[in-house]
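What follows is a short report on a single structure.
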Amino acid sequence: MRPDGKAKASAAARLTLDHLAVAEGGALDIRSDIPIGQGYGSSTADVVAAIRAVAAAYGAHLVPSRVGRLAVAAEQASDAIVFDSHAILFAQREGIVLEDFGGALPPLLLIGSRANGGLPIDTLNLPPARYDSLEIQQFRALRGLVAYAVRYQDPDCLGRAATASAWISQRRLPKQRFEQAIAIAQSAGACGVQVAHSGSLLGVLFDRAAKDLRQRAHRVTASLRRVGFCDIEFHQINDDGATW
């Protein structure tokens, strides 16, 4: 395994070999430019790539649900990136799909940034979140909002769900200047704010079809930098139009 230190990806490769009933493997070289410990899902990307590479080496095609279960077995908790752009609710510690929302998220512009000075978070030592009964009820309502947003391609509805989820996350893994970011998003007419629940990332969501999008996005970018957010990037989500 190259480079050294990719223990999760190594475990994923071994589990995949076991699943395929293959006794011996080969060399696995992982190359990634995804920042570690920020909430981008770098470890899951390594793990899923390792699983797919091993399967491909032996002519096997593993369905996403199987890859998801192997990923969780390798790293204890995984993101749902194996399902690509398909919107699902994924039990990250069980490796099962709890709800399939039946499509992709609506087209969005995400202005991503890092809070807390961009310092990485040690996800291995991050204790699992524990939610109270009121928060669990809120999550049930948010699932309904996301289902509606996907079905009717409603970015504003999705933004409301993301913002509500971000407020809940703020009680567990606080982002510095979070309320200022909320105010900046609201003042620019953004759909909402989303955060990494196990990283430092904070993003402002815009409807990709919104009027004056470029000007509003640049205004948000300047405001985020001014209050202390760093490493700001633009990401187009499920938009097959021209590059922004």
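Observations
- Under the condition of being open to solvent by 70 Å² or more (accessible area, probe 1.4 Å) and either touching a residue at least 24 places away in the same chain (Cβ under 8 Å) or touching a Leu at 6+ places or on another chain (Cβ under 6 Å) (or both), the residues counted in the range 49-72 number 4.
- Test set (1) within 17 Å of the chain's Cα centre (by Cα); (2) on the phi > 0 side of the Ramachandran plot - P106 fails condition number: (2)
- In the range 62-114, the residues that are aliphatic (A, V, I, L, M), more than 29 Å from I232 (Cβ to Cβ) and not in a strand (DSSP E or B): L62, V63, V67, L70, A71, V72, A73, A74
- Of all residues in the range 184-192, at least one satisfies being part of a strand (DSSP E or B), in contact with a Leu (Cβ under 9 Å, 6 or more places away or on another chain) and under 27 Å from E135 (Cβ atoms).
- Answer from G228, G203, G199 - the residue that is within 26 Å of L173 (Cα to Cα) and either in contact with an Asp or Glu (Cβ under 8 Å, 6 or more places away or on another chain) or at pLDDT 95 or above (or both): G203
- Restricting attention to the range 33-79, the residues being in contact with a Phe, Trp or Tyr (Cβ under 6 Å, 6 or more places away or on another chain) and modelled with pLDDT of 90 or more number 1.
- Number of the exception - S43 against (1) over 30 Å from S113 (Cβ atoms); (2) in a helix (DSSP H, G or I): (1)
- The single condition from (1) in contact (Cβ under 8 Å) with a residue 60 or more places away in the chain; (2) aliphatic (A, V, I, L, M); (3) open to solvent by less than 20 Å² (accessible area, probe 1.4 Å); (4) within 27 Å of R93 (Cα to Cα) that I237 fails is (3).
- Qualifying position, being among the acidic types (D, E) and either in a helix (DSSP H, G or I) or more than 21 Å from the chain's Cα centre (by Cα) (or both), among D4, D33: D4
- Test: residue in the range 136-148 that is within 22 Å of T221 (Cα to Cα), modelled with pLDDT of 95 or more and of a type outside the set (S, T, N, Q): no
- Filter result (open to solvent by less than 20 Å² (accessible area, probe 1.4 Å) and in a helix (DSSP H, G or I)) within the range 163-176: A166, I168, S169
- Among (1) farther than 23 Å from P174 by Cα; (2) of a type in the set (S, T, N, Q); (3) in contact with a helix residue (DSSP H, G or I) (Cβ under 6 Å, 6 or more places away or on another chain), the one test that S65 misses: (3)
The values are calculated or read from the model by the stated rules, or taken from the named source; none is laboratory data. All values reported here derive from a predicted model rather than from experimental measurement. Note: ideal-geometry Cβ built from the backbone for every residue, glycine included; neighbour counts use all protein chains shown. Please note that ligands, DNA and RNA were not included when accessible areas were found on the heavy atoms of the full protein model with its side chains. Shrake-Rupley method; radii C 1.70, N 1.55, O 1.52, S 1.80 Å.
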